[in-house]
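Report on the structure given below.
The values are calculated or read from the model by the stated rules, or taken from the named source; none is laboratory data. Predicted model only: the values in this text are computed from it and were never measured. When we count neighbours, we look across all protein chains shown, and the Cβ atoms used for this are built from the backbone with ideal geometry, even at glycine. Surface accessibility is based on the protein's heavy atoms, side chains included, excluding ligands, DNA and RNA. Shrake-Rupley method; radii C 1.70, N 1.55, O 1.52, S 1.80 Å.
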Amino acid sequence: MRSVKSLLAAGAASLISSMAFAADMPIAAPPPMYAPPAPPADFGGWYLRGDIGFSNQSVKNIRKSDPAAYSQISSLNETTGFDAAGIYGLGVGYRVNSWFRTDFTAQYRGNSNFKGTDVFQASAYGVGYSGIDNYHASKSELLFLANAYVDLGTWWCITPFIGAGVGAARVNISNFTDTGAVSPFVAPGPTVTNGTFPGFATAASGSKWNFAWAAHAGLAYKVNPSLTLELAYSYVDLGSGTTGAISDFTGFTRGNTFKFNDITSHDVKLGVRWDLSSPPAYMPPPLVTKG
C-alpha cells in the first residue's frame, strides 16, 4: 500500500514539474500577415517623351511676292514636290488620368530637297512668249506644339489614341535657284527665229514664323509601368515660307522674294514615353519565425 502511495506521489510531482517548465517556455507568435499595398489612385503624372520619324510634305504653290510679276501671264501650270526628311523631337507631358493627357513638344525637321517647275505663256508689248522655270531649294523647320490626347481604352497593353496640337513653326528656305528659258513668238504664229533665251536667278536664305497646328492618331504599347512605345501619324499645317531677295544672273538684287504658300506634311513617327510617376513594385518581406 505504501509503495502505491509513493508511486502516485512521484507521478504527481513529475506532472507538476513538467507544467512549470512549460509555463517558463516562450510562446512562439504566429508570423505576421502580409497585405500588399493597395494600388494608388490613378491621378496621372509627369512623363518625358522622344520621337523620330519622317515627313511627306507638299506646298500649294510658290509665287513671287510681287503680284505684278504675273500680270502678263495668260496660263501657268506648276508642279512641285519635296523629298522625305527626318523628324527629331523631344517633349514633356502630364497624364491627367487614364484617358486624357497633354504634352509640349519641340521638333527639328531636317532639310528636305524641293523641286518645282512652272510652264507658262505670257505676252508683252504685242509679242507673246512661252517659258519654263525649274526651281530647286532646301527647306527645314523648327516646330513647337502644345498637344492634347484622348486615350480610347486599352486591350492587350495596346491603347489607340487621337489628339490635336497648336503652336508655332519657323520655316527656313535656303539654296534657292531658278533656271529657265523663254521662247518669244508672234501669237498665234510660229516661233520667232531669234530662238530661246536662257535665264538664271538665285535667292538668299529666308526664315518665317507661322501659326501651326496638327492632328494626331496612333497606337501606344505599354511595355512596363514606366515605358510606353508609340506608333503615330500626324497631319501638320506649317504655314508658309519665304526666301530672301532674288538676284538675277548678273548679280542684280531685286526686291522680290519667292513665297512657299500653305506647306503641309503627313508625318509618321515612332515615339517613347517615360512615366516619371509610376508606382514602385513592392516585394513581400521574408517570413521570420522564432525557434
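Miscellaneous remarks
- Residues of region 234-291 satisfying the condition of being modelled with pLDDT of 80 or more, within 13 Å of Thr202 (Cα to Cα) and not β-branched (Val, Ile, Thr): Gly244, Ala245, Ser247, Asp248, Asn256, Phe258
- Among the residues here, Pro26 does not qualify as assigned to a loop (DSSP other than H, G, I, E, B), modelled with pLDDT of 55 or more and not polar (S, T, N, Q).
- Scan of region 67-87 for residues that are free of Cβ contacts under 8 Å to residues at least 60 places away in the same chain, aliphatic (A, V, I, L, M) and part of a strand (DSSP E or B), ordered by number: Ile73, Leu76, Ala85
- Scope region 222-244; condition open to solvent by less than 40 Å² (accessible area, probe 1.4 Å) and among the hydrophobic types (A, V, I, L, M, F, W, C); matching residues: Ala232, Val236, Leu238
- Only one of the numbered conditions (1) in a strand (DSSP E or B); (2) polar (S, T, N, Q); (3) modelled with pLDDT under 75 is violated by Ser183, and that is (3).
- Among the residues making up region 247-267, those that are of a type outside the set (Gly, Ala, Ser), surrounded by fewer than 22 Cβ atoms within 10 Å (Cβ to Cβ) and on the phi < 0 side of the Ramachandran plot are Asp248, Phe249, Thr250, Phe252, Thr253, Arg254, Asn256, Thr257, Lys259, Asn261, Thr264, His266.
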